[in-house]
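The block underneath contains the structure these notes are about, expressed in structure tokens.
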Amino acid sequence: MNKIQAYIETHKNRFINELIELLKIPSISADSAYKNDVLKTADAVKISLEKAGCDTVEICQTAGYPIVYGEKIIAENLPTVLVYGHYDVQPPDPINLWDSPPFEPVIKTTPLHPEGAIFARGACDDKGQMYMHVKAMEFMTATNQLPCNVKFMIEGEEEVGSANLATFVKNNQEKLKNDVILISDTGMIAKDVPSITTGLRGLSYVEVEVTGPNRDLHSGLYGGAVANPINVLAKMIASLHDENNHITIPGFYDKVEALSKEERADMAKAPFNLENYKKALDIEAVYGETGYTTNERNSIRPTLDVNGIWGGYTGEGAKTVIASKAYAKISMRLVPHQDWEEITQLFKTHFENSAPKGVTVKVKPHHGGQGYVTPIDSIGYQAASKAYQDTFGKTPIPQRSGGSIPIVALFEQELKSKTILMGFGLDSDAIHSPNEHFGIFNYLKGIETIPLFYNYFTQLSK
Ligand code: BES
Ligand code: MN
Ligand code: MN
């Protein structure tokens, strides 16, 4: 047993209990009813960073929720790692689908996690993964083995688009100066198949509103004679994909980066079992763009999905009504070179133009961000690869993810440094879903792997 393994063995119960305490605070950034809890979580993160050995920790106010910033600078000439994470979480609804309350963490075993997993909103995304870094820091400072400078920047608005973090980064370039950015807010291929995320998709999120008659109407008296906004919206949404599940917005694919045959062949080498994939979701068949595999469809190809749709009568029983308005929330996942603002504009123009006479359409852009790809020949990637090699006994597989962390592209633009995405989550962790959890194995493996990254990164930087 090496030093870090021994340290984890001695302190693992405390590591788990501290995370459980953090998970009890419902830091839901999307819902203003939880404002005090979000702020309370920022304070808890601040205290944890102080205890972990940061020399200075501050709560940096923004126009929204604060950013917790901490650092330990040991020498000017040593490299600096900037750790980013988020302390806010997604809303837990639908609440009734949780087996235990989302903010009353419990440890349960599952077939995949015989040693237990912590069930709570934020267990994996991102409190659990963020806290691995705090505990790795504690180990390095408590045992006098911190090999380089560290800066922590933990925000509270990732799940709502990081708008205020973008401003903070632009205004604090000197403070945030670093040699590499390290994030654990993604996943790995499987519990025994480590991977490093080399790409994230961009995002454009919009809300649409279709208005027909000036009031809700009797569906018998008026039905058939006026445009029903819900019928129209359904038709307009359906027409956004063609029979090959290709997106029909003119210009949508113009800048999409096409991968070479070799790159696609490399991707296909990553372990993937379609039968297990379907079984895990209880679906008979996968579905998507013609000509691409499942792993390609959810990583290197752009998508358009309705996230929510509403209007009319949805209460108990029946009400015969033609609603005046219908709404939908739509996300587009984008790939490198697609510009999210340009895509938002293309969507808006197309959607407004595709409306039939008799309704008016409004498109309201929400938030977005650019996609990201990172090379595998950087010092940062090599350091991460060696760290995983030591703790898993396997070379990690580079993998492009379908998810988005829009701020990563902005980090590169403003701070001119690469981000290394060392994620320890699993697809089955159910992030954003009911019964989110994080395996204790994954949590502790993360704490074990992170200090090795610091060591290798410092060595390779010489
Ligand atoms: N941690 C996720 C993103 C993620 C998860 C990337 C797994 C890769 C693998 C992050 O918290 C998230 O949920 N991002 C949002 C975007 C944001 C702007 C709301 C997303 O991807 O939907
Ligand atoms: Mn996250
Ligand atoms: Mn998330």
TODO: Could you check, for the stretch 153-169, whether at least one of its residues is within 18 Å of Leu421 (Cα to Cα), away from ligand 3 (no atom under 16 Å from the Cβ) and buried (at least 24 other Cβ atoms within 10 Å of the Cβ)?
DONE: yes
TODO: Hey, can you tell me all the residues within the stretch 419-446 that are open to solvent by 20 Å² or more (accessible area, probe 1.4 Å) and of a type in the set (Gly, Ala, Ser)?
DONE: Ser428, Ala430, Ser433
Open item on the list: Could you tell me how many of the residues in the stretch 369-416 are hydroxyl-bearing (Ser, Thr, Tyr), away from ligand 1 (no atom under 11 Å from the Cβ) and modelled with pLDDT of 95 or more?
Closed with: 6
Task: Hey, Gly393 open to solvent by 30 Å² or more (accessible area, probe 1.4 Å), away from ligand 2 (no atom under 16 Å from the Cβ) and free of Cβ contacts under 8 Å to residues at least 12 places away in the same chain or not - done: yes
Task: Complete set of residues in the stretch 23-52 that are closer than 30 Å to Lys462 by Cα and touching a strand residue (DSSP E or B) at 6+ places or on another chain (Cβ under 6 Å) - done: Leu49, Glu50
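A quick yes/no check of all residues on (1) assigned by TED's automatic domain parsing to the domain that holds Ser184; (2) more than 15 Å from the chain's Cα centre (by Cα):
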| residue | (1), (2) |
| --- | --- |
| Thr349 | no, yes |
| Tyr381 | yes, yes |
| Lys394 | yes, yes |
| Leu426 | yes, no |
| Gly439 | yes, yes |
TODO: Given the conditions (1) open to solvent by 20 Å² or more (accessible area, probe 1.4 Å); (2) part of a loop (DSSP other than H, G, I, E, B), report the number of the one that Asn96 does not fulfil.
DONE: (2)
Open item on the list: For the stretch 202-226: of the residues being touching a residue at least 12 places away in the same chain (Cβ under 8 Å) and of a type in the set (A, V, I, L, M, F, W, C), which is surrounded by the fewest Cβ atoms within 10 Å (Cβ to Cβ)?
Closed with: Val226
Open item on the list: Tell me whether the stretch 435-451 contains one or more residues that are within 15 Å of ligand 2 (Cβ to nearest atom), of a type in the set (Gly, Ala, Ser) and closer than 22 Å to Ile16 by Cα.
Closed with: yes
Task: Among the candidates Pro105, Pro114, residue that is surrounded by 14 or more Cβ atoms within 10 Å (Cβ to Cβ) and at pLDDT 95 or above - done: Pro105
Open item on the list: Restricting to the stretch 32-67, give me the number of residues that are in contact (Cβ under 8 Å) with a residue 40 or more places away in the chain, surrounded by fewer than 16 Cβ atoms within 10 Å (Cβ to Cβ) and over 26 Å from Asn171 (Cβ atoms).
Closed with: 1
- [ ] Mind listing whichever residues of the stretch 398-418 are surrounded by fewer than 20 Cβ atoms within 10 Å (Cβ to Cβ) and aliphatic (A, V, I, L, M)?
- [x] Leu410, Leu415
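The values are calculated or read from the model by the stated rules, or taken from the named source; none is laboratory data. Here the structure is a predicted model, which means the values were calculated and not measured. As a convention, Cβ positions derive from the backbone with ideal geometry for all residues, glycine included, and neighbour counts pool all protein chains shown. What goes into the accessible areas is simple: the full protein's heavy atoms, side chains included, and nothing from ligands, DNA or RNA. Shrake-Rupley method; radii C 1.70, N 1.55, O 1.52, S 1.80 Å.
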